[in-house]
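**Student:** The structure under discussion is supplied below as structure tokens; questions concerning it will follow.
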Amino acid sequence: MTAQDITKLIVRTSMGDRGAFDLLYRQTSAKLFGVCLRILGDRAEAEEALQEVFVKIWTKADRFAVSDLSPISWLAAIARNHAIDRIRARRQPPLDLDAALDVADPTPGPEAAAVAGGEIERIRLCLDELDGDRAAAVRGAYLKGESYAELAERHGVPLNTMRTWLRRSLMKLRECLER
Amino acid sequence: MSPADDNSPDQGGDDILAAEYVVGVLPADERRDVAARIERDPGFARLVDGWEVRLSPLAAAYPEVAVPPAVKAAIDRRLFAVPAPTGARPSLWSSLVFWRSLAAAAMVLAAAVAVAYFVAPPSGQSAQRYVASLAPQQSDVHYFVVYDARTQDIGLSHVTGARPEGRDFELWVMEPGKDPVSVGVIPVGQSVHLAVAKALRDRIAAGAVFAISLEPPGGSPTGQPTGPVVASGDLHNV
């Protein structure tokens, strides 16, 4: 299924087309479940989150029109943000699933390869321009939904230092990506 | 960290805040504030979208994981009406999703209104005639409705969708935040009529919403919808 096909499904979903919504679910739920599971680290909670994500997709599909994201990236962003909101709302720190689920580098899946092309390589190169620790912090935060507090603990630095680090890293990253 | 530190211009201000939101590192309360700002500040929302675009290639690292079938069923239960447990009102009637989906139905209606206009060109009393296309909601039930305020008559043209054995279709008029009011059980037939009760006349005007629910024979025993909504649409002047 091409990006254009997924776009059509999102647009039809925004018009209340349940058939399109069902097909969109079939085409994208495995990826979005991967996102939820990676961040939440718990199957039952990830399933619950995925339900909420698709409820959001049904109600907010019209917003896709104002985003510059590719359709699958837009869907993944909804899932990521929702899963992160959920994990932040937890009282307990997230389960440490690094050993079980660690994914160190962005490896393009077939759909990502088609959509993203050289972009994955580009962000990899730009992350490589950062110090090793900082690249890992950006990547870990993005993929696992780690908070400043968790990153600070992991890297053994005060929270403010972590925040300064990450902000500088993000500014550098933006500079590099816009070069 | 004071809020001033968080957003000081030398730290990148709004753009860096957008980046932090997208990366996901902010604590819960700050995420809530940022999410609220995205809703009301389109300029800021663009900054967030820019960062989503910039970082989205990283998401390629998320693996695809098969989802248990029960999840989709649960989503459908949440989004689309299913028969409520006895005594309880279907949540659909107060659901934002439902009211929003009417916006989509309205688009379909625009075409229907155009058709109606040519089929029945407006006469002197045009302001008193209304049409609605009751589009399917999780069903294939579709009715076309013409309401004549002068004669207090609702004409229903059955487009598609059979009623299940032993069930009736009941027509309701709805307003947000109020309980639905029954117009009556829709008689069986291709082209049927319902008389509008006097008490209902003020509630049926342009902008009112008609919905059809599936009910036990003879209509809802409670005076409120008990079954799923199978079709709905809003009323337009012809």
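The values are calculated or read from the model by the stated rules, or taken from the named source; none is laboratory data. Because the structure is predicted, anything quoted here is derived from the model rather than measured. Please note: Cβ atoms are built from the backbone with ideal geometry, for glycine as well, and neighbour counts cover all protein chains shown. Surface areas here come from the heavy atoms of the whole protein model, side chains and all, with no ligands, DNA or RNA. Shrake-Rupley method; radii C 1.70, N 1.55, O 1.52, S 1.80 Å.
**Student:** Among the lysines, which have Cα under 23 Å from the Cα of residue A:172 when same-chain residues fewer than 8 positions away are ignored?
**Tutor:** List returned: A:144.
**Student:** For the range A:18-94, what class follows from the C-alpha gyration tensor (a ≥ b ≥ c being the square roots of its eigenvalues): rounded when a/c is under 1.5, otherwise prolate if a/b is larger than b/c, else oblate? Show your work: numbers first, answer last.
**Tutor:** Numbers: a/c = 2.12, a/b = 1.63, b/c = 1.30.
Since a/c reaches 1.5 and a/b is larger than b/c, the shape of the range A:18-94 is classed as prolate.
**Student:** Report the B-A buried area as the accessible area lost on both sides summed, probe 1.4 Å, in Å² to the nearest 100. Don't skip to the end; give the middle numbers.
**Tutor:** Numbers: alone 13830 and 10840 Å², together 19070 Å².
Using a 1.4 Å probe on protein heavy atoms, the buried area is about 5600 Å².
**Student:** Place +1 on the Cβ of every Lys and Arg and -1 on the Cβ of every Asp and Glu in the range A:1-102, take the dipole about the Cα centre, and give the residue among A:35, A:72, A:7 whose Cα lies farthest towards its positive end.
**Tutor:** Farthest towards the positive end: A:7.
**Student:** How large, in percent, is the carbon and sulfur part of the accessible surface of the range A:1-102 at a probe radius of 1.4 Å?
**Tutor:** Using a 1.4 Å probe with all protein chains present, the range A:1-102 comes out at 50 percent carbon and sulfur.
**Student:** Here's a follow-up. Cut-off under 12 Å on the C-alpha distance; same-chain residues fewer than 8 positions from residue A:31 excluded. Which aspartates and glutamates are left, in chain and number order?
**Tutor:** Qualifying aspartates and glutamates at Cα under 12 Å: A:111, B:64.
**Student:** What is the average number of partner chain Cβ atoms found within 10 Å of a Cβ in B:43-56? Write down the numbers at each step before the final one.
**Tutor:** Numbers: counts 0, 0, 3, 3, 0, 3, 6, 3, 4, 9, 9, 8, 11, 16.
Other-chain Cβ atoms within 10 Å of each residue's Cβ, averaged: 5.
**Student:** If B:52, A:175 are ordered by their accessible area, calculated over protein heavy atoms with a 1.4 Å probe, which sequence runs from highest to lowest?
**Tutor:** If we order B:52, A:175 from most to least accessible, we get A:175, B:52.
**Student:** At 1.4 Å probe radius, can you tell me the per residue accessible area of the range A:1-102 in Å²?
**Tutor:** 43
**Student:** Please give every one of the lysines within straight-line cross-link reach of residue B:178, meaning a C-alpha to C-alpha distance under 29 Å, and leave out same-chain neighbours fewer than 8 residues apart.
**Tutor:** Once the sequence-local lysines are set aside, what remains near residue B:178 is A:56, A:60, B:198.
**Student:** Give the accessible area for residue A:150 in Å² (nearest 10); use a 1.4 Å probe, count only protein heavy atoms, and leave out ligands, DNA and RNA.
**Tutor:** Accessible area, nearest 10 Å²: 50 Å².
**Student:** Run the accessible area of the range A:113-179 with a 1.4 Å probe and give the carbon-and-sulfur part as a rounded percent. Before the final figure, lay out each step's value.
**Tutor:** Numbers: 1560 of 3250 Å².
C and S fraction of accessible area: 48 percent.
**Student:** Give me the Kirkwood hydrodynamic radius of the range A:113-179 in Å, from all C-alpha pairs, to one decimal place?
**Tutor:** 12.5
**Student:** Any idea of residue A:68's accessible area? Nearest 10 Å², probe 1.4 Å.
**Tutor:** 110
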